[in-house]
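Visitor: One structure, pasted below without further comment.
The values are calculated or read from the model by the stated rules, or taken from the named source; none is laboratory data. Values in this document were obtained by computation on a predicted structure and should not be read as measured data. Positions of Cβ are backbone-derived with ideal geometry, glycine not excepted, and every protein chain shown enters the neighbour counts.
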Amino acid sequence: MKNSIRYIVTLVIYLVYCQSSIACHIRLRVPTIPYPPTFMLNQQKQWTGVSIEAAQMLMKQANCRLIYVELPFKRALELMRSGQIDMMLNLSKQADRESYIHMIGPQGFEDVVLVTLRNDKNPVNQLEDIKIFSKPVAIELGMYYGENFTTLFQNNAEFREKILVVKNLKQSIQILQANRISGFLTHRGVIVHKIKQNPDLQLFQVNDLIIHRAPIYFGFSKMSVAPHTILRLESAFDKLTKSGLLERHYQRYHQVE
């Protein structure tokens with residue numbers, strides 16, 4: 001009898017060990033076109049970038065392997081619902097999404113910041129200080145700048161007069177280089193990457209004031225990723241967070257050297 005119990009206990013321990021040590025395979029959505037610095041291809045045509053590397057760190061900790069699947073964003077959400085892909089990056093929490101996606105994180109934060117010329121002397125301690133600028137500040141059409149910005153834009157005419165709406169970040173950069181605006185608002189990670197890569201943008205400075213901060217999450221399909229795998233990934237995320245590795249990873253991409 002004792003031998004039987006000992007055998008059963010040993011078998012259970014062995015099965016648990018096998019379950020935890022078997023590498024899992026996660027199908028990760030990547031865009032059809034690279035979007036630096038979040039999604040990039042290196043010279044060997046391998047996926048890299050700030051978000052890809054964060055996912056790789058998580059998978060290494062969880063003993064899982066990534067399989068990259070190139071998909072448009074909206075199509076990827078549909079396939080997450082049906083379980084035809086397993087993982088997406090940089091997701092915001094929304095009630096509809098959380099009905100079919102398990103969120104782990106936040107993996108990081110998307111910060112909207114003010115970019116000006118290095119020789120600009122305008123004090124910027126709060127968003128409302130934009131009113132005292134001599135020239136307008138550009139924003140990109142369709143981009144969300146947070147509740148505070150929206151309230152000021154809708155209710156403060158003096159603030160609204162200092163806002164110039166442009167098509168995209170490229171246009172914002174061009175008109176700031178031409179000194180036709182005081183600055184522009186954009187995502188920190190994107191503009192820091194551009195400044196590092198382009199010597200012509202060294203005249204830009206990224207102000208410390210954060211206009212808007214939004215948490216972003218690793219997302220996993222509830223249809224295709226088993227509950228025990230989710231627990232495994234959550235445990236891996238907790239270890240990365242407590243070690244500070246994930247935070248230091250994002251800081252490396254968000255600081256202008």
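Visitor: Quick check: is even one residue across the range 244-253 in a strand (DSSP E or B) and aromatic (F, W, Y)? Spell out the reasoning first.
Guide: So in the range 244-253, the residues in a strand (DSSP E or B) come out as none.
Checked the range 244-253: no residue is in a strand (DSSP E or B) and aromatic (F, W, Y).
Visitor: Going by what's in this entry, would Q56 be described as closer than 23 Å to V192 by Cα, assigned by TED's automatic domain parsing to the domain that holds K239 and not in a strand (DSSP E or B)?
Guide: yes
Visitor: Test of understanding: among V113, V137, which residue is touching a helix residue (DSSP H, G or I) at 6+ places or on another chain (Cβ under 7 Å), within 19 Å of P36 (Cα to Cα) and surrounded by 12 or more Cβ atoms within 10 Å (Cβ to Cβ)?
Guide: Details: V137 fails: within 19 Å of P36 (Cα to Cα).
Within the list V113, V137, the selection yields V113.
Visitor: If you take the residues of the range 180-209 that are of a type in the set (A, V, I, L, M) and more than 18 Å from P136 (Cα to Cα), which of them is nearest to the chain's Cα centre (by Cα)? If you could, list the steps in order and put the result at the bottom.
Guide: So the first thing to find is which residues in the range 180-209 are of a type in the set (A, V, I, L, M), and the list is 181, 185, 190-192, 195, 201, 203, 206, 209.
Then drop every residue that is not more than 18 Å from P136 (Cα to Cα), which leaves 190-192, 195, 201, 203.
Numbers: V190: 10, I191: 14, V192: 14, I195: 19, L201: 23, L203: 26 Å.
Only one residue fits best here, namely V190.
Visitor: In addition: Of the residues that sit in the range 219-257 and are among the aromatic types (F, W, Y) and farther than 28 Å from T150 by Cβ, which one is surrounded by the fewest Cβ atoms within 10 Å (Cβ to Cβ)? Before the answer, list the steps.
Guide: Of the range 219-257, the ones among the aromatic types (F, W, Y) are 220, 237, 250, 253.
Okay, now just the ones that are also farther than 28 Å from T150 by Cβ, so 220, 237.
Details: F220: 24, F237: 20.
Among those residues, the one meeting the criterion is F237.
Visitor: While we're here: Which members of the range 56-106 meet the condition of being in contact with a strand residue (DSSP E or B) (Cβ under 6 Å, 6 or more places away or on another chain) and closer than 21 Å to R252 by Cβ?
Guide: Scanning the range 56-106 gives M59, L66, N90, G105, P106.
Visitor: Continuing with this model, one more query. Select from the range 217-254 the residues that are of a type outside the set (S, T, Y), in contact with a strand residue (DSSP E or B) (Cβ under 9 Å, 6 or more places away or on another chain) and within 19 Å of H193 (Cα to Cα) and list them in ascending order.
Guide: Across the range 217-254, the qualifying residues are L246, E247, H249, H254.
Visitor: Ok, one more. Restricting attention to helices (runs of 4 or more DSSP H) lying wholly within the range 109-222, give those where 1 or more residues are farther than 25 Å from R252 by Cα.
Guide: Answer list for the range 109-222: 147-155, 157-160, 169-177.
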